[in-house]
Amino acid sequence: DQSRPVTVQISNRIFNDDEPSKKEDPLTVSVSDVYGQQVLSGGDKTSLSITQSKETTIKKEGPTGSLMQKDGNTYEFAFGSEIRKLSFDDGSYGIYELKIIVNDNKFDSDIT
């Protein structure tokens, strides 16, 4: 039902420049209705992807790609390990603005 309000929550948004000494949690995106109930179809009928990733001051291009489904509401992306793979002369540190697209056959248009 498209008339239900949808909430999008993003967590684990801080990552190390250097390889972390302990397990690093992935960037996590949860999409549900306001009561925490699943609204996405899931499986191959749903895709979440980072289509733009840009550092806010000097505009370094960050990692982009598909998020992997963890459960019915939650998708993950290993942002820390992906950004460390990029080679920046001045390091990968900074604040990155992300554009995340949610595509699901239950919705008439993508959620951005």
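The values are calculated or read from the model by the stated rules, or taken from the named source; none is laboratory data. Since this is a predicted model, take the numbers as computed values, not measurements. Positions of Cβ are generated from backbone atoms using ideal geometry, with glycine treated the same way; all protein chains shown enter the neighbour counts. Accessible surface areas use protein heavy atoms only, side chains included; no ligands, DNA or RNA. Shrake-Rupley method; radii C 1.70, N 1.55, O 1.52, S 1.80 Å.
As a test of reading the structure, rank Lys54, Lys59, Lys23, Lys70 by solvent-accessible area (1.4 Å probe, protein chains only), most first. Before the final figure, lay out the partial values.
Values: Lys54 85, Lys59 110, Lys23 165, Lys70 130 Å².
Putting Lys54, Lys59, Lys23, Lys70 in descending order of accessible area: Lys23, Lys70, Lys59, Lys54.
How far apart, in nanometres, would the label points at Asp108 and Arg4 be if each is projected 7 angstrom from Cα along the Cα-to-Cβ direction?
It works out to 1.9 nm between the two label points.
Would you calculate the separation in nanometres between label points at Met68 and Ile101, each defined as 7 Å from the Cα along the Cα-to-beta-carbon direction?
With each label point 7 Å from Cα toward Cβ, the separation is 2.2 nm.
Ordering Arg13, Arg4 from largest to smallest accessible area (1.4 angstrom probe), what's the sequence? Numbers along the way, then the final one.
Numbers: Arg13 170, Arg4 85 Å².
Of Arg13, Arg4, the descending order of accessible area is Arg13, Arg4.
Please list, in order along segment 18-32, the HN-Hα scalar couplings obtained from phi with the Karplus expression 6.51 cos²θ - 1.76 cosθ + 1.60 (θ = phi - 60°), rounded to whole Hz, x for Gly and Pro.
8, 4, x, 7, 10, 4, 9, 6, x, 4, 10, 10, 10, 10, 7
Where only protein heavy atoms count, and the probe is 1.4 Å, what is the accessible area per residue for segment 45-102 in Å²? Before the final figure, lay out the partial values.
Working: 3290 Å² over 58 residues.
With all protein chains present, segment 45-102 gives 57 Å² per residue.
Sorting check: for 104-110, 43-49, which peptide has the highest mean count of neighbouring beta carbons within 10 Å, and how do the rest follow?
Numbers: 104-110: 11.4, 43-49: 14.3.
In descending order of packing, they fall as 43-49, 104-110.
Rounded to a whole number, what is D in µm²/s for the chain from Stokes-Einstein with the Kirkwood radius over alpha-carbon pairs (25 °C, 0.890 mPa s)?
Reported coefficient: 163 µm²/s.
Can you give the net charge of the other residues whose Cβ lies under 14 Å from the Cβ of Ser81, counting K and R as +1 and D and E as -1? Mind dumping the intermediate values first?
Numbers: positive: Lys22, Lys23, Arg84, Lys85; negative: Asp17, Asp18, Glu19, Glu24, Asp25, Glu76, Glu82.
Net local charge, Ser81 excluded: -3.
What length, rounded to one decimal in nm, is gained on full extension from Ser81 through to Asn12, with 0.36 nm per residue of separation minus their alpha-carbon distance?
Numbers: separation 69, 0.36 × 69 = 24.84 nm, distance 1.30 nm.
Here the segment from Ser81 to Asn12 would lengthen by 23.5 nm.
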